[in-house]
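The structure appears right after this line, and notes come after that.
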Amino acid sequence: QVQLVESGGGLVQPGGSLRLSCAASGTIFRINAMGWYRQAPGKQREVVASITSGGNTNYADSVKGRTNISRSDTKDTVYLQMNSVNPEDTAVYYCQAAIKPRLIGPFSDYWGQGTQVTVSS
């Protein structure tokens with residue numbers, strides 16, 4: 001079984017910073033791309049940032065320039081650092097990873113349970 005467990009989040013003041021972590025555990029042979037998504041109330045889930053196994057990154061326009069996604073392959077963990085947050089960043093944040101549990105078999109997408117981030121004074 002593979003699990004993704006997020007940590008971080010909570011209440012953040014406008015202009016502040018947040019750091020999220022997501023650790024994969026269980027039977028893991030290889031992890032390909034990893035990413036962060038978010039879903040605000042009444043809105044569709046949207047991609048925030050992604051990082052390939054080679055370290056190439058992509059960011060949503062709304063967070064570009066104030067967000068950094070990184071990963072530790074030794075810890076099977078992906079991180080999201082977001083600065084200068086504003087109320088529009090309020091959402092449930094989910095991590096996602098394309099994981100191959102065994103040598104034989106395909107990559108599959110796995111999701112964390114989500115962590116609430118609220119930006120408010």
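The values are calculated or read from the model by the stated rules, or taken from the named source; none is laboratory data. Everything numeric here is computed off the predicted structure, so don't read it as measured data. Cβ atoms come from the backbone with ideal geometry, glycine included; neighbour counts cover every protein chain shown. We work out accessible area using only protein heavy atoms, side chains counted, and drop any ligands, DNA or RNA first. Shrake-Rupley method; radii C 1.70, N 1.55, O 1.52, S 1.80 Å.
Residue under question is S62, and the condition is that it be open to solvent by 60 Å² or more (accessible area, probe 1.4 Å), of a type outside the set (K, R) and over 19 Å from G112 (Cβ atoms); does it hold? Before the answer, list the steps.
Numbers: open to solvent by 60 Å² or more (accessible area, probe 1.4 Å): yes; of a type outside the set (K, R): yes; over 19 Å from G112 (Cβ atoms): yes.
Here the answer is yes, as S62 does meet what is asked.
Within segment 4-41, which residues are closer than 15 Å to V63 by Cβ, in contact with an Asp or Glu (Cβ under 7 Å, 6 or more places away or on another chain) and open to solvent by 40 Å² or more (accessible area, probe 1.4 Å)?
Y37
Can you confirm whether K64 is without any contact (Cβ under 8 Å) to a residue 40 or more places away in the chain and of a type in the set (K, R)? Can you show your working first?
Details: without any contact (Cβ under 8 Å) to a residue 40 or more places away in the chain: yes; of a type in the set (K, R): yes.
Here the answer is yes, as K64 does meet what is asked.
Out of segment 101-121, which residues are within 15 Å of N32 (Cβ to Cβ) and part of a loop (DSSP other than H, G, I, E, B)? Spell out how you get there, then give the answer.
Filtering segment 101-121 for residues within 15 Å of N32 (Cβ to Cβ) gives 101-103, 105-111.
Within segment 101-121, P101, R102, L103, G105, P106, F107 meet the criteria.
A quick yes/no check of all residues on (1) closer than 16 Å to D109 by Cα; (2) touching a Pro at 6+ places or on another chain (Cβ under 9 Å); (3) free of Cβ contacts under 8 Å to residues at least 24 places away in the same chain:
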{"residue": "G16", "(1), (2), (3)": "no, no, no"}
{"residue": "L20", "(1), (2), (3)": "no, no, no"}
{"residue": "A24", "(1), (2), (3)": "yes, no, no"}
{"residue": "M34", "(1), (2), (3)": "yes, no, no"}
{"residue": "T52", "(1), (2), (3)": "yes, no, yes"}
{"residue": "K75", "(1), (2), (3)": "no, no, no"}
{"residue": "T90", "(1), (2), (3)": "no, yes, no"}
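Output the residues belonging to segment 76-100 that are under 19 Å from G65 (Cα atoms), open to solvent by 40 Å² or more (accessible area, probe 1.4 Å) and more than 10 Å from the chain's Cα centre (by Cα).
Answer for segment 76-100, where residues must be under 19 Å from G65 (Cα atoms), open to solvent by 40 Å² or more (accessible area, probe 1.4 Å) and more than 10 Å from the chain's Cα centre (by Cα): N83, S84, N86, P87, E88.
Residues of segment 61-100 being of a type in the set (S, T, N, Q) and within 30 Å of Q1 (Cα to Cα), which ones?
Residues satisfying the conditions are N68, S70, S72, T74, T77, Q81, Q96.
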